[in-house]
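> Please read through the structure below; I'll follow up with questions.
The values are calculated or read from the model by the stated rules, or taken from the named source; none is laboratory data. All of these numbers come straight from a predicted model, not from anything done at the bench. Note: ideal-geometry Cβ built from the backbone for every residue, glycine included; neighbour counts use all protein chains shown.
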């Protein structure tokens with residue numbers, strides 16, 4: 001084992017030499033701190049010991065907050081109750097709800113009890129829910145009765161209590177003011193204290209949980225095709241907590257973070273883990289994203305950090321121009337989940353008076369964030385890059401044949417390191433397609449890598465438009481069009497063309513009061529600044545874009561919308 005480690009370090013040193021002395025697009029980021037070989041339960045216990053009475057989570061709309069100590073007590077009691085109900089270590093525990101304190105407690109309980117947490121999108125309809133529960137082999141599901149238009153209880157009745165179904169194949173726990181004989185009431189469970197012997201047993205067993213086994217089952221966002229179930233280990237999550245927290249500019253000095261992204265997404269989940277590591281308060285402004293609620297939370301809760309997708313920042317900027325909320329407590333913002341245009345980054349830093357506007361990149365299969373800016377970038381680089389790969393990580397850019405490209409050339413990003421998922425749950429075929437025998441994970445995203453290790457996102461590999469043999473990267477066109485005085489946000493897609501194969505269509509949201517833009521307006525704006533083959537042939541104005549609940553734009557739905565016009 002020692003010899004293997006020595007050889008491994010020699011290989012890394014050789015690769016560093018290879019990077020410096022060659023033109024091949026490869027980078028390795030040495031870690032200044034050793035990686036942590038702990039399970040998530042130990043990570044939680046450390047937070048309780050270190051930050052005990054400090055506020056761990058605050059929910060404005062629920063009018064409730066809990067300290068690290070209080071959160072832990074609720075969570076270990078829930079974990080013990082789940083054990084009493086027959087859930088064993090290794091059994092899959094599902095959570096199907098928007099951002100709530102209940103979600104947070106369930107997350108902690110799953111780690112303490114050794115129940116891999118299956119994170120389920122609250123927007124799923126009955127057939128999609130059925131797929132998720134069966135795909136991930138959920139044994140127990142925790143949810144709530146309803147929120148707004150999201151009627152969880154009714155959907156579960158449709159799924160499991162129809163005449164053709166005699167009994168639900170899983171235990172269902174619902175948070176509700178009303179009791180329903182078909183389900184277990186969440187509040188009843190917490191009110192009844194678990195047997196102390198069961199709690200003591202959990203405390204003894206928890207440290208024995210291997211950091212290498214699954215901790216979270218994270219469904220991919222489903223922007224194309226059926227979602228796959230990525231297995232993330234305790235080791236993945238604990239080390240992500242450290243590096244993501246550092247990217248968020250967190251440190252143990254009573255920081256508070258406004259969480260606008262969904263907890264069920266890898267982005268949101270990694271932030272919860274980061275706040276545990278750094279002792280920061282998670283502020284929940286609303287169960288699902290609401291720009292006004294987010295701004296109110298920043299003002300009321302004196303948040304120091306805010307996170308979101310580019311679309312969320314566009315909406316917050318739009319509302320801030322009207323509401324003028326006091327946001328002087330903000331120090332940093334982190335934007336991820338999809339590509340961020342320079343215009344959004346510039347305006348966010350200016351309007352919110354940020355010291356740091358951090359752009360990052362990640363994916364579910366990489367335990368959320370993998371790249372992030374560290375503050376050392378030049379102004380130009382900070383607007384057009386996602387920074388460098390996290391410590392102890394490697395990255396390279398390959399062509400369609402798997403050959404490593406040169407610095408500055410565009411190809412598919414591959415990553416290797418502690419952040420890579422274990423694989424897709426019970427899906428060896430897709431796991432083999434995504435991860436090779438040497439541990440390299442194909443991201444499906446187009447990047448170019450600079451010789452200093454800074455990476456520049458170019459777009460999804462599947463989104464690249466081939467117009468008459470010329471490759472057009474949508475992000476380049478979007479970034480340019482977003483500079484137009486009337487444009488709030490734009491997204492570019494390829495649409496079928498008999499002669500050229502594909503043509504370019506841009507969908508745009510306009511700023512309030514702006515006059516509608518025509519194809520001729522856009523052509524005139526692009527004239528002399530974009531190559532002729534990158535100029536959109538079609539222009540469409542919309543009020544909003546189809547997107548996942550994690551804020552990712554679903555370009556395939558824009559393509560369907562275009563085709564429906566024909």
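> Go through the range 226-270 and give me each residue that's part of a helix (DSSP H, G or I) and closer than 16 Å to residue 331 by Cβ.
Selection gives 245, 246, 247.
> Now for a different question. Can you confirm whether residue 343 is over 26 Å from residue 554 (Cβ atoms) and either buried (at least 24 other Cβ atoms within 10 Å of the Cβ) or out of contact with any strand residue (DSSP E or B) (no Cβ under 8 Å at 6 or more places or on another chain) (or both)?
No.
Yes or no, residue by residue, for (1) closer than 30 Å to residue 135 by Cβ; (2) under 21 Å from the mean Cα position of the chain (by Cα); (3) not assigned by TED's automatic domain parsing to the domain that holds residue 511:
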residue: 415; (1), (2), (3): yes, yes, yes
residue: 424; (1), (2), (3): yes, yes, yes
residue: 436; (1), (2), (3): yes, no, yes
residue: 443; (1), (2), (3): yes, yes, yes
residue: 448; (1), (2), (3): no, no, yes
residue: 469; (1), (2), (3): no, no, no
residue: 472; (1), (2), (3): no, no, no
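> Of the residues in the range 350-379, how many are part of a helix (DSSP H, G or I) and in contact (Cβ under 8 Å) with a residue 24 or more places away in the chain?
Number satisfying all stated conditions: 4.
> Could you tell me whether the range 21-40 includes any residue that is modelled with pLDDT under 95, assigned to a helix (DSSP H, G or I) and over 26 Å from the mean Cα position of the chain (by Cα)?
Yes, the range 21-40 contains at least one residue that is modelled with pLDDT under 95, assigned to a helix (DSSP H, G or I) and over 26 Å from the mean Cα position of the chain (by Cα).
> Taking the range 178-194, which residues are surrounded by fewer than 15 Cβ atoms within 10 Å (Cβ to Cβ), free of Cβ contacts under 8 Å to residues at least 24 places away in the same chain and not in a helix (DSSP H, G or I)?
The answer is 179, 181.
> Just the residues that are buried (at least 18 other Cβ atoms within 10 Å of the Cβ) and under 22 Å from residue 464 (Cβ atoms), please, taken from the range 408-439.
Those that are buried (at least 18 other Cβ atoms within 10 Å of the Cβ) and under 22 Å from residue 464 (Cβ atoms): 410, 411, 412, 413, 414, 415, 434.
> Within the range 393-401, does at least one residue satisfy the condition of being in contact with a strand residue (DSSP E or B) (Cβ under 7 Å, 6 or more places away or on another chain), touching a residue at least 40 places away in the same chain (Cβ under 8 Å) and assigned to a loop (DSSP other than H, G, I, E, B)?
Looking for residues that are in contact with a strand residue (DSSP E or B) (Cβ under 7 Å, 6 or more places away or on another chain), touching a residue at least 40 places away in the same chain (Cβ under 8 Å) and assigned to a loop (DSSP other than H, G, I, E, B), one finds none in the range 393-401, hence no.
> Of all the residues that make up the range 318-333, how many are outside any loop (DSSP other than H, G, I, E, B), modelled with pLDDT of 95 or more and in contact with a strand residue (DSSP E or B) (Cβ under 9 Å, 6 or more places away or on another chain)?
Result for the range 318-333: 2.
> Taking the range 449-459 as the region of interest, how many residues are surrounded by fewer than 21 Cβ atoms within 10 Å (Cβ to Cβ) and out of contact with any helix residue (DSSP H, G or I) (no Cβ under 7 Å at 6 or more places or on another chain)?
The qualifying residues number 4.
> On the basis of being surrounded by 15 or more Cβ atoms within 10 Å (Cβ to Cβ), without any contact (Cβ under 8 Å) to a residue 24 or more places away in the chain and either over 21 Å from residue 342 (Cβ atoms) or under 32 Å from the mean Cα position of the chain (by Cα) (or both), does residue 564 make the cut?
No; evaluated as a whole, the condition is false for this residue.
> Restricting the search to the range 304-349, which residues are without any contact (Cβ under 8 Å) to a residue 24 or more places away in the chain and under 17 Å from residue 373 (Cβ atoms)?
Across the range 304-349, the qualifying residue is only 349.
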